[in-house]
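Encoded as structure tokens, the structure appears first; notes follow it.
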Amino acid sequence: MATVRYIVDGVADAVDFYVSKLGFKVELQVPAFASLTRDDLTLWLGGPRSSAARPMLDGAVPSAGGWARFVLIFDDLESVVSKLRDDGVTFRNDIVENQGRKQILCADPSGNVIELQQPV
């Protein structure tokens, strides 16, 4: 099982997004942190008061919205994207087809990228 950690601006908003839009389940949720699962992926969400958001020795402060991402696979990408667009989810691009797959990038409420794919 893989575990990915994202820094988020608000844990409650992020949990709502991942559960209601992308089918994750809540394993643990406290004000500064949540642990979610979907299939064999565990997603840790660290809010501004979590240990993951503390400044580094050089003063850099971890923040949300980078380009590193995990990938979720769907059987019918167009239907998923249509529903997510209707739900107000932000997309960074349109569906592209490349090397035997369709893919698109969406963003969580903090701007973290999630890649959605469908094998073709």
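The values are calculated or read from the model by the stated rules, or taken from the named source; none is laboratory data. The shown structure was predicted, so the numbers you read here are calculated from the model rather than taken from an experiment. Glycine also receives a Cβ, built like all others from the backbone with ideal geometry; neighbour counts cover every protein chain displayed.
Quick notes
- Of note, Phe70 satisfies the criterion of being within 13 Å of Asn112 (Cβ to Cβ), out of contact with any Phe, Trp or Tyr (no Cβ under 7 Å at 6 or more places or on another chain) and not charged (D, E, K, R).
- Of the set (1) assigned to a helix (DSSP H, G or I); (2) of a type in the set (Phe, Trp, Tyr); (3) in contact with a strand residue (DSSP E or B) (Cβ under 6 Å, 6 or more places away or on another chain), all apply to Trp44 but (1).
- Selection status of Asp13, part of a loop (DSSP other than H, G, I, E, B) and modelled with pLDDT of 95 or more: no
- For Leu28: the one exception among (1) loosely packed, with under 12 Cβ neighbours inside 10 Å; (2) modelled with pLDDT of 95 or more; (3) assigned to a loop (DSSP other than H, G, I, E, B); (4) not polar (S, T, N, Q): (3)
- Highlighted here are the strands (runs of 3 or more DSSP E) found entirely within the stretch 81-120 that include at least 2 residues which are over 25 Å from Thr42 (Cα atoms) and out of contact with any Gly (no Cβ under 9 Å at 6 or more places or on another chain): 96-98.
- Test: residue in the stretch 79-98 that is over 14 Å from Lys21 (Cβ atoms), surrounded by fewer than 17 Cβ atoms within 10 Å (Cβ to Cβ) and among the small types (Gly, Ala, Ser): no
- Taking the criterion of being over 17 Å from the mean Cα position of the chain (by Cα) and either surrounded by 12 or more Cβ atoms within 10 Å (Cβ to Cβ) or not β-branched (Val, Ile, Thr) (or both), the residues of the stretch 54-78 that qualify are Arg54, Pro55, Met56, Leu57, Asp58, Gly59, Ala60, Asp75, Asp76, Glu78.
- Single unsatisfied condition, Asp108 versus (1) exposed (fewer than 10 other Cβ atoms within 10 Å of the Cβ); (2) under 22 Å from Val4 (Cα atoms); (3) modelled with pLDDT of 95 or more; (4) not β-branched (Val, Ile, Thr): (1)
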